[in-house]
Amino acid sequence: MSAQNTQDQLLAEIKELKIQLKEAHDTLEAIHSGKEISVSQEHFTLLANNIPQITWTNLPSGQFNFFNKRWYDYTGLSFDATFEGSWGHIIHPDDLLLTGEKFNQSMKTGEVFEIENRCKRNDGIYRWHLNRSIPFKNENNEILFWIGTATDIDDQRKSIEKKDEFIGIASHELKTPLTSLKAYLQLISNYKKEVIPGQVKTFIVKAESSISKLQALVNDLLDVSKIQTGKLDFNQAPLSVKELIAGCAENAGYMFPDYNIIFNAAADVSVKGNTERLEQVLMNLINNAVKYSPLHKDIILSFVKEGNQVRISVTDYGIGLSTSQLDKIFERFYRVEVKNRMAGGLGMGLYISMEIIKNHKGTIGVQSRINKGSTFYILLPLLS
Ligand code: ADP
């Protein structure tokens with residue numbers, strides 16, 4: 001064999017060795033990543049099976065491909081029954097349609113799936129669950145699969161229901177004696193007016209004012225309870241926006257003599273609504289503007305036509321709200337936590353206002369900056 005031949009053969013052998021090495025390397029990598037996958041799968045299953053919630057995963061098509069142990073324990077379903085059966089087995093018939101709609105909507109849009117519904121336990125009892133599912137995406141933002149959890153919130157729901165029931169009964173029971181108390185006070189103040197000493201008259205005025213505050217509170221509680229039971233309904237008729245705001249501005253002028261209630265009126269427009277309820281909303285906004293603006297005394301009311309809607313605004317230059325607070329102030333019983341704050345309240349006003357405006361097919365919102373002030377606005381559809 002010539003030297004040239006030996007060199008060629010060696011080169012060929014080196015090439016072959018290189019190929020084999022590459023293959024071995026690839027195989028090792030595959031084994032290694034395979035191990036990682038199986039370790040992470042084990043990790044996931046261990047985690048999923050040891051949390052108190054029901055967990056599942058599903059493909060972007062909506063097809064379920066995993067349920068944790070909690071699911072099988074809770075539902076009593078076998079593996080086969082789980083994957084063969086439909087949701088109708090587990091979800092309460094009254095919640096089925098909405099659950100299906102929301103789920104399909106999420107699968108279509110990639111939006112987080114969230115719904116509270118009743119799921120049947122292995123003994124046939126339905127318990128409320130909070131279902132949430134989030135998409136897991138790759139680096140190209142494509143959804144690989146969805147991870148869902150169902151948390152048992154039955155006890156919380158029941159205690160909220162009990163609290164709502166209590167609020168309903170308590171406010172109802174308080175209303176009757178309060179009304180007669182007010183009537184008796186009126187009788188006392190009118191009885192032999194000329195002989196009532198001045199000091200007693202002052203006491204009567206103070207008692208009347210306290211009773212009015214109590215009545216307002218009880219009425220708010222009653223409204224909250226009506227909203228909860230879906231009974232906050234009222235008649236609606238065409239009304240003038242200018243007259244509505246002018247009435248409230250006049251009222252507020254008497255109620256808050258230290259403040260400048262400024263009404264910037266525009267050309268009148270009409271909406272369909274309930275005057276009393278819309279007054280309630282506006283007076284609540286004005287009341288808040290006063291309450292949360294202890295130093296700056298200007299409160300500006302205005303309205304402007306915007307397309308087929310009217311925008312009614314109440315502006316103050318008071319303590320304002322931070323962005324995180326803005327999201328929550330329309331929630332029931334929400335109050336911004338401020339130490340040593342003097343302003344009283346139970347966090348019902350804006351919640352009730354929002355429900356009233358919703359019933360008018362309108363929207364309510366706020367623009368605000370901390371320490372600069374707030375503008376609460378209402379958008380109502382115009383009468384065409
Ligand atoms: P309440 O005033 O009885 O607490 P509301 O539902 O009317 O209840 O208001 C909820 C919360 O929103 C208030 O506690 C307050 O923190 C905040 N808020 C409402 N109006 C204003 C305003 N004009 N300026 C600043 N904060 C406000």
Legend entry - Neighbourhood charge, 13 Å Cβ-Cβ cut-off, centred on His172 and excluding it, Lys, Arg +1 and Asp, Glu -1: -1
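Counting only DSSP beta bridges with both residues in the chain, tell me the antiparallel percent, nearest 5.
Details: 53 of 58 bridges.
Around 90 percent antiparallel, to the nearest 5.
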Inset, instruction - Mind jotting down the three principal axis lengths of region 237-381 based on Cα atoms? Whole angstrom, largest first. - result: 44, 30, 24
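Based on Cβ point charges of +1 for Lys and Arg and -1 for Asp and Glu, what charge dipole magnitude is obtained for region 157-228 about its Cα centre, in debye rounded to the nearest 20? Before the final figure, lay out the partial values.
On the way: 12 positive and 8 negative charges, 25 e Å.
For this selection, approximately 120 debye.
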Legend entry - Cα-only radius of gyration and Dmax that characterise region 104-155, units Å: 13.7, 44
Inset, instruction - Taking the Cα centre of region 237-381 as origin, work out the dipole magnitude from +1 charges on Lys and Arg Cβ and -1 charges on Asp and Glu Cβ, in debye rounded to 20. - result: 380 debye
Legend entry - Met354 - accessible surface, heavy atoms, 1.4 Å probe, Å² rounded to 10: 50 Å²
Inset, instruction - Between Val269 and Glu208, take the C-beta separation as r, use R0 = 30 Å, and let me know the FRET efficiency to the nearest 0.05. - result: 0.20
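How much FRET efficiency would the formula 1/(1 + (r/R0)^6) give for Phe136 and Ser159, where r is the Cβ-Cβ distance and R0 is 22 Å, rounded to 0.05? List each step's numbers first, then the result.
Values: r = 34 Å, r/R0 = 1.54.
Efficiency, from the Cβ-Cβ distance: 0.05.
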Inset, instruction - May I ask you to list the lysines whose Cα is less than 23 Å away from that of Lys291, ignoring any residue fewer than eight positions away on the same chain? - result: Lys206, Lys213, Lys328, Lys339, Lys372
Legend entry - Assigned charges on the beta-carbon of Lys, Arg, Asp, Glu; the chain dipole about Cα centre (debye): 1920 debye
Legend entry - Shape box of region 157-228 [Cα atoms, principal axes, largest first, Å]: 57, 16, 15
Inset, instruction - Round to the nearest 0.05 the FRET efficiency obtained for Tyr184 and Asn65 when R0 = 51 Å and r is the Cβ-Cβ distance. - result: 0.10
Inset, instruction - Go through Asn65, Phe44, Thr99 and say which Cα lies farthest out towards the positive end of the charge dipole of region 44-109; charges sit on Cβ, +1 for Lys and Arg, -1 for Asp and Glu. - result: Phe44
Inset, instruction - Enter the accessible area per residue of the chain (Å², integer; probe 1.4 Å; all protein chains in place). - result: 63 Å²
Legend entry - Reciprocal of mean inverse Cα separation for the chain (Kirkwood radius, Å): 27.1 Å
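Quote to one decimal, in nm, the extra length available between Gln105 and Ser322 on full extension: 0.36 nm per residue of separation minus the C-alpha distance between them.
Values: separation 217, 0.36 × 217 = 78.12 nm, distance 3.23 nm.
Between Gln105 and Ser322, full extension yields an extra 74.9 nm.
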Inset, instruction - For His43, tell me the accessible area in Å² from a 1.4 Å probe, rounded to the nearest 10. - result: 120 Å²
Legend entry - Solvent-accessible area, 1.4 Å probe, carbon plus sulfur percent, for the chain: 57 percent
Legend entry - Rounded to whole Å, sorted largest first: equivalent-ellipsoid semi-axes of region 231-321, Cα gyration tensor: 23, 15, 12
Legend entry - All-pairs Cα distance distribution in region 49-152, expressed in whole percent, bin size 5 Å: 2, 13, 23, 27, 21, 10, 4, 1, 0
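The values are calculated or read from the model by the stated rules, or taken from the named source; none is laboratory data. Given the structure is predicted, the values throughout are model-derived calculations rather than measurements. Cβ coordinates were reconstructed from backbone atoms using ideal geometry, including for glycine residues, and neighbour counts include every protein chain displayed. SASA here: full protein model, heavy atoms, side chains in, ligands and nucleic acids out. Shrake-Rupley method; radii C 1.70, N 1.55, O 1.52, S 1.80 Å.
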